[in-house]
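Novice: Just passing along the structure, written as structure tokens.
The values are calculated or read from the model by the stated rules, or taken from the named source; none is laboratory data. From a predicted model like this one, the values you see are computed outputs, not experimental measurements. Positions of Cβ are backbone-derived with ideal geometry, glycine not excepted, and every protein chain shown enters the neighbour counts.
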Amino acid sequence: MSYHHPENDPQYIGLNVNAGIEKPEAVSADSVKRFLKKGKRQILTSEEYFDGIIRGNITILSQAVTLIESNKPEHQKVAQEIIIKCLPHAGRSVRLGITGVPGAGKSTFIEVLGKQITGAGGKLAVLAIDPSSERSKGSILGDKTRMEELSSDPNAYIRPSPSAGSLGGVARKTREIIILCEAAGFGTIFIETVGVGQSETVVHSMVDFFLLIQIAGAGDELQGIKRGIMEMADAIVINKADKDNYEKAQLAAAQFRNALHLFPPTGSGWTPPVLTCSALENAGVQEVWKVVNEYVTMTNGNGYFQNRRCDQAKYWMYETINETLRNNFYQNHLVKPRLSHYEKMVLTNGMSSFIAAHELLATYFKSVRNE
């Protein structure tokens, strides 16, 4: 069907309006159903996921990771089956935790170091614990956009995970994702987090080497750095040591070295070094990786490396027990409806916090005994 436009009349010189296209047929309900059915992702069996992961299929690995991150019981059941199958093929990687304040250049550092690792024939997985908003529960998940070259590297795998307000939960899932990545053949695992809270502690409990990235030129370099984070660090790197910032970076490094002398010796026998680098100019990054390899060689030699992994495995067993019991308590069909009542009693001084807690626990234990 053609439409007449009066603007095309000869009296309107210089005007020309093209005829529009015919109106397409309305989308039928049946075609929508067929599209949705076709686009619906099919959940594979645990054996199919395992086979894909072992073959290094990134798509299947990502789907398995999604199952681990899901809270649906049916997804968790398949995820745990996958993890059990992957366990014998895991553990043969170097796990590196990377933290630092926002703006320290962690993403640039990871991309430059990551490209060096993949360029030498290695396979790298980057797991980023991304802080979620407590207000909106939203997460930026922007690491892939900040690491353009690395994200397109066939030997690299980048997976950001929103913490969604449950740091313990995302940490446990990150540890399980490590197992899948190792089974998929990734020999190096980076776990990145923002150094603004307790996430460093949980990351430290699942890595072999903990790297703290700092910058100079932001005032007192030691101000606001928690002693606990510095004690956890196996190395400190002053990034952005370039151009006019070079001298400031060297001074900051000296300040950190003096501070580290005040700390007690490490259990590994390793003395944490303080280095400077410029990830932007790719200067000094290779030296950081050399330090990591020296640490791995030394701790493998004195037995600390394997002992630490055993301690971490035991720690996460108990952490999983605690988290499961906690969730089971709050979701209990007798406890859940009583929580608001006891909360009001405590807030109006009708009952002490301790008595309220004991009564709720007694309700829970009675429910468990009767099941």
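Novice: Does segment 318-334 contain any residue that is on the phi > 0 side of the Ramachandran plot and of a type outside the set (Lys, Arg)?
Specialist: Keep residues of segment 318-334 that are on the phi > 0 side of the Ramachandran plot, which gives none.
Scanning segment 318-334 turns up no residue that is on the phi > 0 side of the Ramachandran plot and of a type outside the set (Lys, Arg).
Novice: Just the residues that are buried (at least 16 other Cβ atoms within 10 Å of the Cβ), within 17 Å of residue 182 (Cα to Cα) and of a type in the set (Lys, Arg), please, taken from segment 50-106.
Specialist: Passing the criteria: 85, 95.
Novice: Related question: Given (1) farther than 28 Å from residue 173 by Cα; (2) exposed (fewer than 11 other Cβ atoms within 10 Å of the Cβ); (3) among the charged types (D, E, K, R), identify the lone condition not met by residue 294.
Specialist: Looking at each condition in turn, residue 294 falls short on (2).
Novice: May I pose another question? Would it be correct to say that residue 164 is part of a strand (DSSP E or B), modelled with pLDDT under 90, within 25 Å of residue 78 (Cα to Cα) and touching a strand residue (DSSP E or B) at 6+ places or on another chain (Cβ under 6 Å)? Show your work before the answer.
Specialist: Working: part of a strand (DSSP E or B): no; modelled with pLDDT under 90: yes; within 25 Å of residue 78 (Cα to Cα): yes; touching a strand residue (DSSP E or B) at 6+ places or on another chain (Cβ under 6 Å): yes.
The answer is no for residue 164.
Novice: Which residues, taken from segment 80-105, are within 17 Å of residue 287 (Cβ to Cβ) and of a type outside the set (A, V, I, L, M, F, W, C)?
Specialist: If we filter segment 80-105 for residues that are within 17 Å of residue 287 (Cβ to Cβ), which is where we start, we get 94, 96, 98, 105.
Selection gives 105 alone.
Novice: Is it fair to say residue 115 is in contact (Cβ under 8 Å) with a residue 12 or more places away in the chain, over 21 Å from residue 234 (Cα atoms) and not β-branched (Val, Ile, Thr)?
Specialist: Working: in contact (Cβ under 8 Å) with a residue 12 or more places away in the chain: yes; over 21 Å from residue 234 (Cα atoms): yes; not β-branched (Val, Ile, Thr): yes.
When the stated conditions are applied, residue 115 passes them.
Novice: Out of all the residues in segment 61-109, which are in contact with a Phe, Trp or Tyr (Cβ under 6 Å, 6 or more places away or on another chain) and among the charged types (D, E, K, R)?
Specialist: Of everything in segment 61-109, just one residue is in contact with a Phe, Trp or Tyr (Cβ under 6 Å, 6 or more places away or on another chain) and among the charged types (D, E, K, R), namely 85.
Novice: Please state which of the following conditions residue 150 fails to meet, knowing it meets all the rest: (1) at pLDDT below 80; (2) touching a Gly at 6+ places or on another chain (Cβ under 6 Å).
Specialist: Condition (1) is where residue 150 drops out.
Novice: Test residue 327 against the criterion of being more than 23 Å from residue 211 (Cα to Cα), among the polar types (S, T, N, Q) and either assigned to a helix (DSSP H, G or I) or in contact with a Phe, Trp or Tyr (Cβ under 8 Å, 6 or more places away or on another chain) (or both), and give yes or no. Quick ask: steps written out before the conclusion?
Specialist: Working: more than 23 Å from residue 211 (Cα to Cα): yes; among the polar types (S, T, N, Q): yes; either assigned to a helix (DSSP H, G or I) or in contact with a Phe, Trp or Tyr (Cβ under 8 Å, 6 or more places away or on another chain) (or both): yes.
So residue 327 fits the description; yes.
Novice: I would also like to ask the following. Filter segment 229-283 for residues that are among the acidic types (Asp, Glu) and within 27 Å of the chain's Cα centre (by Cα); which is farthest from residue 107 (Cα to Cα)?
Specialist: 231
Novice: Sort through 356, 362, 313 and tell me the only one that's surrounded by 15 or more Cβ atoms within 10 Å (Cβ to Cβ) and among the hydrophobic types (A, V, I, L, M, F, W, C).
Specialist: 356
Novice: Another question, then. Collect the residues in segment 311-342 that are of a type in the set (A, V, I, L, M, F, W, C) and under 22 Å from the mean Cα position of the chain (by Cα), keeping them in residue-number order.
Specialist: First pass over segment 311-342, keeping only residues of a type in the set (A, V, I, L, M, F, W, C): 313, 316-317, 321, 325, 329, 334-335, 339.
313, 316, 317, 321 - these are the residues of segment 311-342 that are of a type in the set (A, V, I, L, M, F, W, C) and under 22 Å from the mean Cα position of the chain (by Cα).
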